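The values are calculated or read from the model by the stated rules, or taken from the named source; none is laboratory data. Keep in mind it's a predicted model, so treat the numbers as computed, not measured. Cβ sites come from the backbone with ideal geometry, for glycine too, and all protein chains shown count toward neighbours. Quick note on the areas: whole protein, heavy atoms, side chains included, nothing else; ligands and nucleic acids left out. Shrake-Rupley method; radii C 1.70, N 1.55, O 1.52, S 1.80 Å.
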Amino acid sequence: MSFSPLPSTVIEPIVRSALLEDLGRGGDLTSDAVIPYDCSATLVLKARQAGVVAGLDLVAFAFLLVDPAIDMQIRRPDGSDVVAGETIAKVCGPARGLLTAERTALNFLCRLSGIATATAAIVDAVRDHKARIVCTRKTTPGLRALEKYAVRVGGGANHRFGLDDAVLIKDNHIAIAGDIRTAIERARAAAGHMVKIEVEVDTLDQLEIALALGVDAVLLDNMSVEDLARAVAMAGGRAITEASGRVTPKTAPAIAATGVDLISVGWLTHSAPILDIGLDMPADWNTRTHLN
């Protein structure tokens with residue numbers, strides 16, 4: 001695997017908050033009323049469509065925080081390609097706890113697997129070119145670390161995590177500063193020696209100024225394929241080139257063929273559809289054998 005798992009210090013508070021949102025003040029009224037307290041169960045997480053799995057550590061935390069007696073056995077870990085009907089994991093333990101944690105666990109798993117699946121599709125589309133697919137800051141508030149993790153699971157890479165990672169001068173910065181030269185010069189004077197500077201350019205004229213001022217990267221925003229190719233030739237390796245705007249699995253190959261280093265795709269984290277995954281009861285499950 002080319003990605004690192006998220007640390008528990010990141011996962012635990014997010015999952016705990018999601019569970020508290022669901023349980024409120026009274027807990028799971030339905031499961032507590034309908035399911036005997038001494039009933040145990042075995043359920044399976046099963047893919048209902050093909051995709052890439054991401055988020056199983058959050059699933060495990062959801063079940064663990066509800067009831068530490070629940071055991072989870074993973075068959076297809078994060079990063080695995082699955083087909084419809086394939087079992088991803090099995091969970092066993094107190095039935096009330098399984099049902100209480102079910103929706104929170106699936107919300108995380110379906111959401112992150114959807115992002116990983118969408119990322120994998122675009123990564124595959126540009127596999128014959130050097131361009132890497134990267135995400136943006138267009139993430140769900142509070143879930144950025146998770147969603148950017150899912151991009152990595154899908155084979156993509158992360159852009160900056162926040163405003164404190166790097167300088168990225170965008171069109172509004174330039175407009176308010178007065179012009180692109182002023183914005184870059186101010187950034188260069190203020191940034192520390194470890195901070196990289198990227199600038200968004202809309203035209204080749206802006207690109208020429210940015211390159212002359214020695215920026216580290218240029219964001220080529222909504223340029224035509226023809227202009228992207230010209231921009232890459234102008235940069236000549238002096239700055240990292242990043243294309244953005246209107247990127248889909250269909251348009252990505254032509255964009256990558258221009259020679260850009262990066263292709264940023266905002267919709268991966270703000271609009272990717274979920275991967276349909278269910279928590280199902282095995283066909284041979286028998287209530288009587290699960291009553292203690």
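Treating r as the C-beta distance of R230 and D67 and R0 as 45 Å, the FRET efficiency rounds to 0.15. Here the spin labels are modelled as points 7 Å beyond Cα on the Cα-Cβ line, and at D179 and V195 they lie 2.4 nm apart.
Here's the picture: charge each Lys and Arg Cβ at +1 and each Asp and Glu Cβ at -1 in the chain, and of G155, W267, N172 the one pushed furthest to the positive end of that dipole is G155.
Here the translational diffusion coefficient of region 139-288 follows from Stokes-Einstein with Rh set to the Kirkwood radius across Cα pairs; for 4 °C and 1.567 mPa s it amounts to 74 µm²/s.
Would you compute the Debye intensity of region 67-184 from its alpha-carbon atoms alone, equal scatterers and no solvent, and pass along log10 I(q)/I(0) at q = 0.11 Å⁻¹ to two decimals? Here log10 of I(q) over I(0) equals -0.56.
Kindly state, to the nearest 0.05, the FRET efficiency for T30 paired with D165, given R0 = 45 Å and r defined as their beta-carbon distance.
E(calc), rounded to 0.05, equals 0.55.
Of the residues V66, T30, H129, the one whose Cα sits farthest towards the positive end of the charge dipole of region 1-143 is H129 (charges of +1 on Lys and Arg Cβ, -1 on Asp and Glu Cβ, taken about the Cα centre). In the chain, the calculated helix contribution to ellipticity at 222 nm averages -12500 deg cm²/dmol per residue, counting -39,500 (n - 2.57) for every DSSP H run with n ≥ 4. Relative contact order of the chain, taken over Cα pairs closer than 8 Å and 6 or more residues apart, is 23 percent. Taking every alpha-carbon pair under 8 Å whose residues sit at least 6 apart, region 68-144 reaches a relative contact order of 21 percent. Three principal axis extents of region 47-90 based on alpha-carbon atoms, in descending order, are 30, 15, 14 Å.
Charges were assigned to the Cβ only: +1 to each Lys and Arg, -1 to each Asp and Glu. The resulting dipole of the chain about its Cα centre is roughly 180 debye. When its C-alpha radius of gyration is set against 2.2 N^0.38 Å (N residues), region 23-110 gives a value of 1.10.
Determine one quarter of the surface area of the Cα convex hull of the chain, which equals its mean projected area, and express it in nm² to one decimal.
The number I arrive at for the chain is 17.6 nm².
What region 120-248 shows is 51 Å² of accessible area per residue, with the surface traced by a 1.4 Å probe over protein heavy atoms. When peptides 103-110, 197-204 are sorted by average Cβ neighbour count within 10 Å, with the highest value leading, the order is 103-110, 197-204. What a 1.4 Å probe finds exposed on region 189-228 is 54% carbon and sulfur by accessible area, rounded to a whole percent. Evaluated at q = 0.08 Å⁻¹, a Debye calculation over the C-alpha positions of region 1-156 (equal weights, vacuum) places log10 I(q)/I(0) at -0.25.
Label-to-label distance, W267 versus Y37, with points set 7 angstrom from Cα along the beta-carbon direction: 5.2 nm.
Model label sites at D81 and A212, defined 7 Å from Cα along the beta-carbon direction, differ in position by 4.9 nm. For L204 and R127, the difference between the fully extended length at 0.36 nm per residue and the C-alpha to C-alpha distance is 25.0 nm. If you plug the beta carbon distance of N222 and D276 into 1/(1 + (r/R0)^6) with R0 = 41 Å, you get a FRET efficiency near 0.80.
Helices in the chain that qualify as membrane-span-like (whole DSSP H runs, Cα extent of at least 20 Å along the helix axis, mean Kyte-Doolittle hydropathy of -0.5 or higher) are 8-23, 95-125.
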